[in-house]
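Take a look at the structure set out below.
The values are calculated or read from the model by the stated rules, or taken from the named source; none is laboratory data. Keep in mind the model is a prediction, meaning the values are calculated, not measured. Here the Cβ positions follow ideal geometry from the backbone for every residue, glycine too, while neighbour counts run over all protein chains shown.
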Amino acid sequence: MTTTAENETVLVNEETLARRWKERCASGEFSQGVLGLGTIRVMGKAGDAAIQFPRISSLDALCTLEPDEQWAVLAAQEIVTQACNQRRPVLATAIPQPGALLPTPKPVTVFDPSVELLLVTSLIRGG
């Protein structure tokens, strides 16, 4: 297989996995090891983009998930890794609950698949 054909196959597989993951989120039917949905909010100039991933107890549980769920966890991990490599602050927090104190975000440098909410913030430059 040529490099171009391999790249096209990977792209088709990525698109298929992304579509299946979106369908799974809509149906709410997840593998037994999934604790719930986690969200990464990536702050940008045009607002923030929300990316969902299956929350699992640890990356050791990855092999118990369906391929699209594995893809979503690995995609979330890549977003966090890339943000950290770009020195963008990443904060882990819980989703605020009505009537409760606001949760305190904690800085993270390694993806934790059990966290409910991750915030990737923009770099603030003085000047």
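Conditions tested, residue by residue: (1) in contact (Cβ under 8 Å) with a residue 24 or more places away in the chain; (2) surrounded by fewer than 17 Cβ atoms within 10 Å (Cβ to Cβ); (3) under 20 Å from M43 (Cα atoms).
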| site | (1), (2), (3) |
| --- | --- |
| P67 | yes, yes, no |
| A72 | yes, no, yes |
| A76 | yes, no, yes |
| T81 | yes, yes, yes |
| N85 | no, yes, yes |
| V90 | yes, no, yes |
| P96 | no, yes, yes |
| P103 | no, yes, yes |
| P107 | no, yes, yes |
(request) Just one of (1) closer than 22 Å to R19 by Cβ; (2) touching a strand residue (DSSP E or B) at 6+ places or on another chain (Cβ under 7 Å) trips up E78, so point out which. (result) (2)
(request) Considering only residues that are of a type in the set (D, E, K, R) and surrounded by fewer than 14 Cβ atoms within 10 Å (Cβ to Cβ), look in segment 28-47 and name the one that is modelled with the highest pLDDT. (result) E29
(request) Please give the number of the condition A72 fails out of (1) over 22 Å from P105 (Cβ atoms); (2) at pLDDT below 95. (result) (2)
(request) Can you give me the number of residues within segment 27-82 that are assigned to a loop (DSSP other than H, G, I, E, B) and at positive phi? (result) 1
